[in-house]
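Taken together, the values in this text are just the output of simple stated rules run on the coordinates, not laboratory data. All values derive from a computational prediction rather than experimental measurement. Because the Cβ atoms are built from the backbone with ideal geometry, glycine has one as well, and the counts that use them run over all protein chains shown.
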Amino acid sequence: MRQLVAAIVAMLGAGAAADAADLKIALIYGKTGPFEAYAKQTETGLRLGLEYATGGTMAIDGSKIVLVTKDDQLKPDLAKSLLAEAYGDDNVDLAIGTTSSGAALAMLPVAEEYKKVLIVEPAVADQITGDKWNRYIFRTGRNSSQDAISNAVALGKPSVQVATLAQDYAFGRDGIAAFKTALPKTGASLVFEEYAPQQATDFTASAQRLFDALKDRPGSKIIWVLWAGATQPMTKLLDLNPGRYGIAIASGGNLLSVMAGWKPLAGMEGATYYYYEIPKNKVNDWLVAEHKKRFDAPPDFFTAGGMAAGMAAVTALKRAGGADTEKLIAAMEGMSFDTPKGKMMFRKEDHQALQSMYHFKLWDDPNVAWAIPELVRELKIEDMDIPITNKR
């Protein structure tokens, strides 16, 4: 009997040891709410990234990767408490997330409190790697400055007059601030800024103010739109006939489902974070092929970001030789890693991932369900002066 009890204890002990050796990663994301599609794509990409980076084993040096997912419903207070729960109760080694910039900002002090790494994906507000940043924060997602500066580089040239429309919260305000700084360097001028509520659906009054600001100005006239979510202003602005004033509409890239409504915008230019046909590398080739095979559809905007986060996490854990936070930070500062977009690099000063963006021009293929962002040129890391604003 004693031998049997001893054997059972030994078996339980072995099981506990195996569990303790697992590498636990939390994904905090806004799966409930208007950004549900973003969150689902992030999770899909993350799982594919972990799979690709581990050669299909989902393990590093014999330690199994366990993914813990938590829905913050885009609520900052909930995101904060879920991350504390993940670090404290679930004892995860590092965390990834979240979808909303407001929720991500609420999570930053939690990472510092628990002294564990948080990889921010896909929230974009500059403050995350700016004045709200701490040393435990890394971001694979592009920031508002990268969005804005890449669009400024793509659109800006002498004699171009630009007015902007953005959502009135951190994402929109940060993006326009960066665009406003970058645009004059191209020779173009920013003449007016318009902000609308985050969930706005009627843009008539905003359009009139934008038209009035541009219609009597010389040269090329553009309204640049920075907007997140399913309700997009571009086609609604187009319906109000800005062309009668010689005004063009411009914006960045978006989800395939959103770009299905952009066919009337054929000819529109801007800069995008990702479109599955643009990057030419083996990681993206694998992602596109596997995603089509498993889901009968190409990967989308945020799928690539989730995969980048997964590949960054695996690269860091391998280089650090485990999940010790200080070793992870040392491994990740200045670290280059493969992604579907090619190489990214965590800048040492603020842990923002520097990465390529893509200048595109939309065209309408009647055999494709969405407007296609055709590559004009790749905007490489050295083509964009992304400011460091964390006051480190």
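At-a-glance table
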quantity	calculated
Percent of alpha-carbon pairs separated by more than 14 Å within the range 136-200	57 percent
Degrees, to the nearest 10: 76-88 long Cα axis against longest axis of the chain	30 degrees
J(HN,Hα) series, the range 274-283, from Karplus relation 6.51 cos²θ - 1.76 cosθ + 1.60, nearest Hz, glycine and proline x	6, 9, 4, 8, 7, x, 10, 7, 5, 5
Base-10 log of normalised Debye intensity for the range 160-229 (one unit scatterer per alpha-carbon) at q = 0.13, 0.19, 0.22 Å⁻¹	-0.35, -0.73, -0.94
Ellipticity estimate at 222 nm from DSSP helix runs (n ≥ 4, -39,500 (n - 2.57)) divided over the chain, nearest 500	-12000 deg cm²/dmol
Derived scalar couplings ³J(HN,Hα) [the range 159-170; Karplus, 6.51 cos²θ - 1.76 cosθ + 1.60; whole Hz; x for Gly, Pro]	6, 7, 10, 10, 10, 10, 10, 8, 6, 8, 7, 3
Residue-span extension gain [Glu374 to Ser189] - 0.36 nm each, minus C-alpha spacing	64.0 nm
Of Ala103, Ala163, Ala213, the one that fluctuates the most in a GNM where the chain has Cα springs shorter than 10 Å	Ala213
Whole-number Å³ per residue for the convex hull built on Cα positions in the range 105-236	103 Å³
Cα-based shape type of the range 195-253, given that a ≥ b ≥ c are square roots of the gyration tensor eigenvalues and the cut on a/c is 1.5	prolate
Normalised contact order of the range 101-169, rounded percent, pairs of Cα under 8 Å and 6 or more residues apart	28 percent
Magnitude of the charge dipole, the range 281-392, Cβ model with Lys/Arg +1 and Asp/Glu -1, debye to 20	360 debye
Tilt relative to the chain, helix 301-320 - C-alpha long axis, 0 to 90 degrees, to 10	40 degrees
Positive-pole candidate from Ala26, Ala111, Pro279, dipole of the chain, charges at beta carbon	Pro279
Hz values of 3J(HN,Hα) by residue in the range 53-63 - Karplus curve (6.51, -1.76, 1.60), Gly and Pro given as x	5, 9, x, x, 7, 6, 8, 10, 6, x, 8
Extension reserve of the Glu349-Asn134 stretch, reckoned as 0.36 nm per residue once the Cα distance is removed	76.3 nm
Charge-dipole axis of the range 232-376 as Lys and Arg at +1 and Asp and Glu at -1 on Cβ define it, positive-most pick from His351, Ala316, Leu240	Ala316
Of Lys40/Lys221; Lys70/Lys341; Lys180/Lys280; Lys70/Lys292; Lys80/Lys185; Lys132/Lys293, pairs whose Cα-Cα distance is over 29 Å	Lys40/Lys221; Lys180/Lys280; Lys80/Lys185; Lys132/Lys293
Sequence-separation-based contact order of the chain, relative, with Cα cut under 8 Å and 6+ spacing, percent	18 percent
Cα centre as origin, Lys/Arg/Asp/Glu Cβ charges: the range 123-170 dipole, Debye	200 debye
Only Lys, Arg (+1) and Asp, Glu (-1) charged, at Cβ; the chain dipole about Cα centre in debye	520 debye
Among Lys282, Lys293, Lys80: highest mean-square fluctuation, GNM of the chain, C-alpha pairs under 10 Å	Lys293
Among Pro340, Ile329, Ser159 - extreme Cα towards positive end, dipole of the chain, charges at beta-carbon	Ser159
Potential extension, Glu326-Thr201 segment - 0.36 nm per residue separation minus Cα distance	40.4 nm
Asn91-Asp212 FRET efficiency (beta carbon distance; Förster radius 45 Å; 0.05 resolution)	0.20
Tail fraction, Cα-Cα pairs, the chain, threshold 37 Å, whole percent	23 percent
Among Asp338, Asp71, Asp239: highest mean-square fluctuation, GNM of the chain, C-alpha pairs under 10 Å	Asp239
